[in-house]
1. So between residue 203 and residue 83, what do we pick up on full extension, going 0.36 nm a residue minus the alpha carbon distance?
2. With a point put 7 Å past each Cα toward its Cβ, work out how far residue 150 is from residue 174 in nm, to one decimal.
3. On a 27 Å Cα-Cα criterion, which of the cross-link pairs 32/192; 145/192; 10/31; 32/77; 10/32; 12/32 come out too long?
4. Can you work out the FRET efficiency for the pair residue 5 and residue 27, with r the C-beta to C-beta distance and R0 = 30 Å, to the nearest 0.05?
5. Can you tell me which of 187-193, 32-38 comes out highest on packing, and rank the rest after it, using the mean Cβ neighbours within 10 Å?
6. Given Cβ point charges of +1 (Lys, Arg) and -1 (Asp, Glu) and nothing else, what value in debye, to the nearest 20, does the dipole of the chain about its Cα centre take?
7. What are the trypsin sites (Lys or Arg not before Pro) within the range 1-94 that DSSP puts in a loop, where the Cβ has at most 14 other Cβ atoms within 10 Å?
8. So if R0 is 25 Å, what FRET efficiency would residue 160 and residue 19 give, r being the distance between their Cβ atoms, rounded to the nearest 0.05?
Amino acid sequence: MAESRFAELKEKEKQARKQIVIESALALFAKKPFYEVGMREVADEAGISPATIYRYFPSQEELFNEAFIQDISSASKEFESMLENEEPVGIEDFAIKFVEHLIENESTFQMMAYLMLKDNLARPVMGQFDSVTKIFFDLFTRLLKRHGLSAESARIYSHSFVASITGILMTFRNHPLKSRASARDHILKIVKITSSLYSKQLLGK
């Protein structure tokens with residue numbers, strides 16, 4: 001019994017240290033692009049040796065993925081609240097909230113784009129990333145079902161819609177001929193147009 005309690009305490013301490021590393025990485029990501037942050041820099045921020053950090057994250061990719069998961073999982077709670085209203089929000093409101101979160105959280109958007117486009121992701125990383133993207137597919141599916149769509153239709157349209165919105169953001173986020181402010185306005189304009197197409201097709205609105 002004592003040995004079991006000791007092992008449990010040891011695991012909790014390990015998870016606490018792992019969380020410190022993740023929070024240190026997120027703090028650095030808020031200051032500069034995530035792809036410029038190295039493992040040694042994260043270790044310094046966390047107050048541990050570069051060798052120690054690899055006990056918790058065997059690779060930089062796994063650390064990035066874990067940080068992305070935590071950030072998106074936290075953000076999903078805001079979207080959950082949008083679905084809990086007695087009157088469900090519209091497609092446009094959901095889309096704008098999704099896009100604005102990624103615009104305002106540059107490191108999250110960068111990590112998402114990296115994981116979406118990276119070849120040969122390690123199996124554990126791919127599985128975790130799939131589980132996170134599924135959060136938004138599920139949220140939008142629930143929204144469409146609340147507006148009266150069947151489960152089957154809601155699921156396939158959620159895939160189409162989330163992919164469309166993400167594509168708009170990736171296409172125009174760093175448009176070379178636009179300032180950040182004008183790029184944001186252009187993105188939101190296209191998102192609204194896209195949302196209106198789905199609303200008319202699916203909801204008749």
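Just so it is clear, none of the values below were taken in a lab; they were calculated from the coordinates. All values derive from a computational prediction rather than experimental measurement. All Cβ positions, glycine included, derive from the backbone under ideal geometry; neighbour counts span all protein chains shown.
1. Values: separation 120, 0.36 × 120 = 43.20 nm, distance 1.63 nm.
Taking 0.36 nm per residue and subtracting the Cα distance, the gain is 41.6 nm.
2. The modelled label-to-label distance comes out at 4.3 nm.
3. Values: 32/192 30 Å; 145/192 21 Å; 10/31 33 Å; 32/77 25 Å; 10/32 34 Å; 12/32 31 Å.
32/192; 10/31; 10/32; 12/32, as the Cα separations exceed 27 Å there.
4. Working: r = 33 Å, r/R0 = 1.10.
The computed FRET efficiency comes out at 0.35.
5. On the way: 187-193: 16.7, 32-38: 14.9.
In descending order of packing, they fall as 187-193, 32-38.
6. Working: 27 positive and 28 negative charges, 90 e Å.
That gives a dipole near 440 debye.
7. Values: sites: 5, 10, 12, 14, 17, 18, 31, 40, 55, 77; in loops: 31.
Answer by residue number: 31.
8. Numbers: r = 36 Å, r/R0 = 1.43.
Given R0 = 25 Å and the Cβ-Cβ separation, E is 0.10.
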